[in-house]
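Comments concern the structure below.
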Amino acid sequence: MSVVEVRGLRKDFDSGRVHALDGIDLATTEGEYLVLLGPSGCGKTTLLRTVAGLERPTAGDVLIGGRVVTGLPPRARKIAMVFQSYALYPHKTVQQNIVFPLKASGMDRAERLQKARWAADLLTIGHLLSRKPRQLSGGERQRVALARALVREPTVFLLDEPLSNLDAKLRASARDELKSFQQRVGTTTIYVTHDQAEAMGLGDRIAVLYEGRVRQVGGPVEVYDHPADTFVATFIGSPPMNLVPVDGQLVGFRPEHLQPAEDVRGADRTTMPLHVDRIEYLSGDRHVYGTVTDIGEPTRVIARLPATVTTPVSAGETHKFAVAADRLRFFDAETGRSTAADVRLGG
Amino acid sequence: MAEAVRTRAALPAVGARRRLSDREGALGWIFLLPSVVYIVALVGVPFVLAIAFSFSDVTAGDPSFDGVGFRNYRRIFDDPVFWHSLQNTLVFTAISMALIVVFGKVLANILVADFRGKWLVRFLVLLPWTTPVALSSIAWLWLLDSIFSPIDWVLRHVGLLQTNTYWLGRPYLAMASVIAVHVWRLVPLAAVIMLAGLVAIPREIQEQAEVDGAGFWRRMFEITIPLTLPVIAVAALFGAIFTFTDMTVVYILTRGGPTNSTQVLASWAFFRGIEGGDVAQGAAIALFLFPLLLAAAIAILRAVRRMEVL
């Protein structure tokens with residue numbers, strides 16, 4: 001039985017003019033970390049809010065623990081949510097913030113203080129209990145918000161871009177903390193983000209959303225190596241997958257798989273001339289920008305040469321590059337969906 | 001070379017223009033001047049005059065100024081109507097303020113909700129505030145008339161009342177009527193102030209409370225009210241000041257009657273000083289509004305400062 005499931009979920013705004021969710025079917029498994037990934041406006045936050053009960057779907061159902069909860073208010077759903085801003089109650093101390101959900105559920109005073117203590121110790125904020133939210137740093141606020149979510153012992157955590165308010169340095173450590181926290185408590189978590197690094201790093205599975213639809217659901221390796229369509233192929237990965245139009249199909253290959261021909265071993269490979277425009281040197285890697293010709297229509301592509309590849313390549317020259325055949329992906333030029341190879345590539 | 005010369009030639013003109021618009025100190029004074037003149041002429045001078053008059057024997061018939069020390073104050077302290085007016089002023093203000101806050105809060109909660117025809121309701125609600133006090137008081141005078149009152153007519157027809165009610169003719173009913181009109185006219189203002197406070201609460205905080213399992217009343221008393229408390233205080237103080245200083249409602253509805261039972265400081269000062277012609281005593285009575293208003297003003301400023309901290 002899945003912890004959270006949505007069936008045929010649709011949500012229209014502005015009396016049907018905007019389809020925020022356009023028929024979504026998705027289910028989580030017990031204890032899983034599911035990441036909803038997509039660009040802004042793709043419907044991921046609306047999906048999360050619909051699961052939380054803050055939005056009512058236009059059609060479809062939300063199931064939590066196998067029970068249909070579509071018509072129920074948030075408080076009847078046994079969920080905990082952490083908002084992007086953490087939404088700590090500014091007039092309450094950390095302790096009052098943490099016990100608030102317990103107070104609302106009618107737990108007696110001694111028990112809820114004990115529970116708050118336990119959550120605060122788990123998140124190492126025991127020394128902050130008497131502070132007000134405005135006296136806390138961003139990281140501390142996040143932990144208070146998590147503690148407040150934790151004390152309810154929810155069936156699912158819903159996290160809405162909880163790292164986006166932190167500065168870049170703190171974000172990496174907070175990401176690490178979030179993951180280890182979830183592994184310790186083992187609660188099913190749905191996590192919304194537009195940051196693919198967060199998604200790849202945190203998710204057991206990633207659901208890629210675009211224009212209110214789920215484009216692909218799979219583990220980080222699967223969505224990266226076998227993208228279901230050109231949107232997923234270009235949204236995930238930085239720089240994105242190169243797509244070259246060849247006879248009604250799009251041939252895709254990741255920048256790190258496009259290497260100077262002398263560095264690609266094995267007989268089964270596709271070679272192509274690359275006219276190099278410029279080269280960027282980024283954290284030890286060389287990003288080579290240029291135009292490939294011969295295999296299909298001339299297309300601008302990017303090759304990422306790791307530090308271990310020392311073959312000289314210089315701007316303004318045409319160099320022979322190659323991609324191993326098993327690294328090529330094929331997409332239908334019309335629908336963008338992943339297909340089998342239907343074209344023959346020269347070289 | 002030629003260009004350099006031209007630049008230097010153009011410099012003084014640019015400099016002069018800059019100097020005019022750059023002198024923020026002078027500009028500040030120029031822009032402030034109209035309001036300073038206004039406040040000095042229409043608030044400062046009358047205030048000083050009132051203090052001076054209160055220590056004099058100036059009357060409408062004899063405007064010559066002779067100092068008489070505290071005689072006016074002794075006389076008003078000996079006058080039971082003064083004490084009754086002071087008591088009425090405080091009672092009216094306290095009761096109106098409490099009702100204004102409660103009704104304003106309820107109204108603000110209704111107005112913040114999303115429903116069809118919201119703008120029409122908001123417009124209607126604001127109407128009492130935008131109507132001049134004198135006009136609306138005259139309308140109320142008719143509504144509370146002893147013979148033609150539509151309120152009585154309705155109550156009689158639903159069987160709640162056998163005969164006419166003398167709304168403005170019996171002391172307690174008259175007091176209740178004055179309070180009712182104050183509340184009616186100030187609730188919209190309080191509601192709009194509190195509405196602004198409600199709107200300023202981040203939506204995520206409300207939603208968080210919902211997800212945390214709090215019902216309507218818990219959200220109201222543990223989240224909404226604590227977070228809007230400074231704004232509620234401002235609304236309460238506005239209500240208090242407007243009730244405290246107002247004489248129009250009393251003047252038009254009851255003229256302080258029956259037998260001074262609805263007399264307030266402002267109306268009593270007016271009757272004594274202007275209608276009675278004893279300017280000196282009128283000034284002395286009116287000055288009793290000052291310490292209380294000062295306290296209210298300080299309280300408002302404190303509340304506003306606390307709001308900024310939050």
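The values are calculated or read from the model by the stated rules, or taken from the named source; none is laboratory data. The structure presented is a predicted model; accordingly, all values stated were derived computationally and were not measured. Methodologically, a virtual Cβ is constructed for each residue, glycine included, from the backbone with ideal geometry; neighbour enumeration extends over all protein chains shown.
Is at least one residue of the stretch A:230-251 free of Cβ contacts under 8 Å to residues at least 12 places away in the same chain and in a helix (DSSP H, G or I)?
So far as the stretch A:230-251 goes, yes, one or more of its residues are free of Cβ contacts under 8 Å to residues at least 12 places away in the same chain and in a helix (DSSP H, G or I).
In this structure, does A:Val62 turn out to be within 20 Å of the chain's Cα centre (by Cα) and crowded, with 23+ Cβ neighbours inside 10 Å?
No: the conditions fail for A:Val62.
Which condition breaks for A:Gln142 when tested against (1) over 23 Å from B:Met220 (Cβ atoms); (2) crowded, with 16+ Cβ neighbours inside 10 Å; (3) at pLDDT 90 or above; (4) polar (S, T, N, Q)?
Among (1) over 23 Å from B:Met220 (Cβ atoms); (2) crowded, with 16+ Cβ neighbours inside 10 Å; (3) at pLDDT 90 or above; (4) polar (S, T, N, Q), A:Gln142 violates only (3).
For the stretch A:300-332, enumerate the residues that are farther than 22 Å from A:Gly266 by Cα and exposed (fewer than 15 other Cβ atoms within 10 Å of the Cβ).
Residues satisfying the conditions are A:Arg300, A:Ser314, A:Ala315, A:Gly316, A:Glu317, A:Thr318.
What single numbered condition from (1) within 27 Å of A:Arg337 (Cβ to Cβ); (2) under 14 Å from the mean Cα position of the chain (by Cα); (3) modelled with pLDDT of 90 or more fails to hold for A:Ala197?
Just one mismatch for A:Ala197, condition (3).
Which of the residues belonging to the stretch B:204-226 are closer than 14 Å to A:Ala76 by Cα and of a type in the set (A, V, I, L, M)?
Matches in the stretch B:204-226: B:Ala209, B:Val211, B:Ala214.
Name the pairs whose Cβ atoms lie under 8 Å apart, with the first residue in the stretch B:269-280 and in contact (Cβ under 8 Å) with a residue 40 or more places away in the chain, the second of a type in the set (S, T, N, Q) and part of a helix (DSSP H, G or I), and 6 or more positions between them or separate chains?
B:Ala280/B:Ser54; B:Ala280/B:Asn72
When A:Ser338 is evaluated against the numbered criteria (1) farther than 16 Å from A:Thr270 by Cβ; (2) part of a loop (DSSP other than H, G, I, E, B), which criterion, by number, is the only one it fails?
(2) is the only condition that A:Ser338 fails.
Can you run down the residue pairs with Cβ atoms below 7 Å, 6 or more apart or on separate chains, where the first is in the stretch A:202-217 and at pLDDT 95 or above and the partner is part of a strand (DSSP E or B) and among the hydroxyl-bearing types (Ser, Thr, Tyr)?
Cβ pairs passing all conditions: none.
Residue-by-condition table, conditions (1) free of Cβ contacts under 8 Å to residues at least 24 places away in the same chain; (2) of a type in the set (S, T, N, Q); (3) over 27 Å from B:Leu107 (Cα atoms); (4) in contact with a Gly (Cβ under 7 Å, 6 or more places away or on another chain):
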site: B:Val154; (1), (2), (3), (4): yes, no, no, no
site: B:Gly159; (1), (2), (3), (4): yes, no, yes, no
site: B:Tyr166; (1), (2), (3), (4): yes, no, yes, no
site: B:Leu173; (1), (2), (3), (4): yes, no, no, no
site: B:Val183; (1), (2), (3), (4): no, no, no, no
site: B:Leu186; (1), (2), (3), (4): no, no, no, yes
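Scan the stretch A:284-298 and tell me whether some residue there is closer than 16 Å to A:Leu250 by Cβ, within 32 Å of the chain's Cα centre (by Cα) and crowded, with 18+ Cβ neighbours inside 10 Å.
For the stretch A:284-298, residues closer than 16 Å to A:Leu250 by Cβ, within 32 Å of the chain's Cα centre (by Cα) and crowded, with 18+ Cβ neighbours inside 10 Å: present.
Confirm whether A:Ala110 is crowded, with 23+ Cβ neighbours inside 10 Å and not in a loop (DSSP other than H, G, I, E, B).
The answer is no for A:Ala110.
Which condition does B:Arg116 not pass, out of (1) without any contact (Cβ under 8 Å) to a residue 12 or more places away in the chain; (2) part of a helix (DSSP H, G or I); (3) out of contact with any helix residue (DSSP H, G or I) (no Cβ under 9 Å at 6 or more places or on another chain), if it passes all the others?
(2)
Here's the yes/no breakdown for (1) among the hydroxyl-bearing types (Ser, Thr, Tyr); (2) within 30 Å of B:Pro230 (Cβ to Cβ):
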residue	(1), (2)
B:Trp119	no, yes
B:Pro128	no, yes
B:Thr131	yes, yes
B:Leu143	no, no
B:Ile147	no, no
B:Val158	no, no
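Every residue in the stretch A:75-91 that is in contact with a Ser or Thr (Cβ under 9 Å, 6 or more places away or on another chain), buried (at least 17 other Cβ atoms within 10 Å of the Cβ) and at the interface with another protein chain (Cβ under 8 Å from one of its Cβ atoms), please.
Within the stretch A:75-91, A:Arg75, A:Ile79, A:Ala80 qualify.
Kindly state which helices (runs of 4 or more DSSP H) lie completely within the stretch B:126-240 and contain at least 2 residues that are away from chain A (no Cβ under 14 Å) and surrounded by 14 or more Cβ atoms within 10 Å (Cβ to Cβ).
Output list reads B:133-143, B:150-157, B:171-200.
Quick test for you: out of A:Asp263, A:Asp285, A:Asp294, A:Asp326, pick the one residue that is at positive phi and of a type in the set (D, E, K, R).
A:Asp294
Looking at the stretch A:147-162, can you tell me whether even one residue there is within 22 Å of the chain's Cα centre (by Cα) and under 24 Å from A:Pro227 (Cβ atoms)?
Yes: one or more hits.
For A:Phe100, state whether it is in contact with a Gly (Cβ under 9 Å, 6 or more places away or on another chain), among the aromatic types (Phe, Trp, Tyr) and closer than 30 Å to A:Glu55 by Cβ.
yes
Determine which single condition A:Thr339 fails, assuming it passes every other condition in (1) closer than 25 Å to A:Gln216 by Cα; (2) surrounded by 17 or more Cβ atoms within 10 Å (Cβ to Cβ); (3) among the β-branched types (Val, Ile, Thr).
Of (1) closer than 25 Å to A:Gln216 by Cα; (2) surrounded by 17 or more Cβ atoms within 10 Å (Cβ to Cβ); (3) among the β-branched types (Val, Ile, Thr), only one is false for A:Thr339: (2).
Please state which of the following conditions A:Thr50 fails to meet, knowing it meets all the rest: (1) buried (at least 19 other Cβ atoms within 10 Å of the Cβ); (2) in contact with a strand residue (DSSP E or B) (Cβ under 7 Å, 6 or more places away or on another chain); (3) assigned to a loop (DSSP other than H, G, I, E, B).
Result: A:Thr50 fails condition (3) only.
Of the conditions (1) at pLDDT 90 or above; (2) more than 14 Å from chain B (Cβ to nearest Cβ); (3) surrounded by fewer than 19 Cβ atoms within 10 Å (Cβ to Cβ); (4) more than 16 Å from B:Gly213 (Cα to Cα), A:Gly16 fails just one. Which one is it?
Condition (1) is where A:Gly16 drops out.
I'd like to check something: does the stretch A:64-74 contain any residue that is within 9 Å of chain B (Cβ to nearest Cβ) and either outside any strand (DSSP E or B) or touching a helix residue (DSSP H, G or I) at 6+ places or on another chain (Cβ under 9 Å) (or both)?
Yes, that holds for at least one residue.
In the stretch A:1-47, what count of residues is obtained for those that are charged (D, E, K, R), more than 21 Å from A:Glu161 (Cα to Cα) and outside any strand (DSSP E or B)?
Looking only at that region, the number is 3.
So which residues in the stretch A:139-165 are touching a Gly at 6+ places or on another chain (Cβ under 8 Å) and either under 26 Å from A:Gly41 (Cα atoms) or away from chain B (no Cβ under 11 Å) (or both), if there are any at all?
A:Thr155, A:Asn165
Out of all the residues in the stretch A:308-333, which are part of a loop (DSSP other than H, G, I, E, B), over 16 Å from A:His257 (Cβ atoms) and touching a residue at least 12 places away in the same chain (Cβ under 8 Å)?
A:Ser314, A:Ala315, A:Gly316, A:Glu317, A:Ala333
Taking into account only those residues within the stretch A:92-122 that are touching a residue at least 40 places away in the same chain (Cβ under 8 Å) and within 14 Å of chain B (Cβ to nearest Cβ), which is farthest from B:Arg306 (Cα to Cα)?
Of everything passing the filter in the stretch A:92-122, A:Ser105 is farthest from B:Arg306 (Cα to Cα).
Which one of these does A:Asp195 not meet: (1) within 14 Å of chain B (Cβ to nearest Cβ); (2) closer than 27 Å to A:Leu9 by Cα?
(1)
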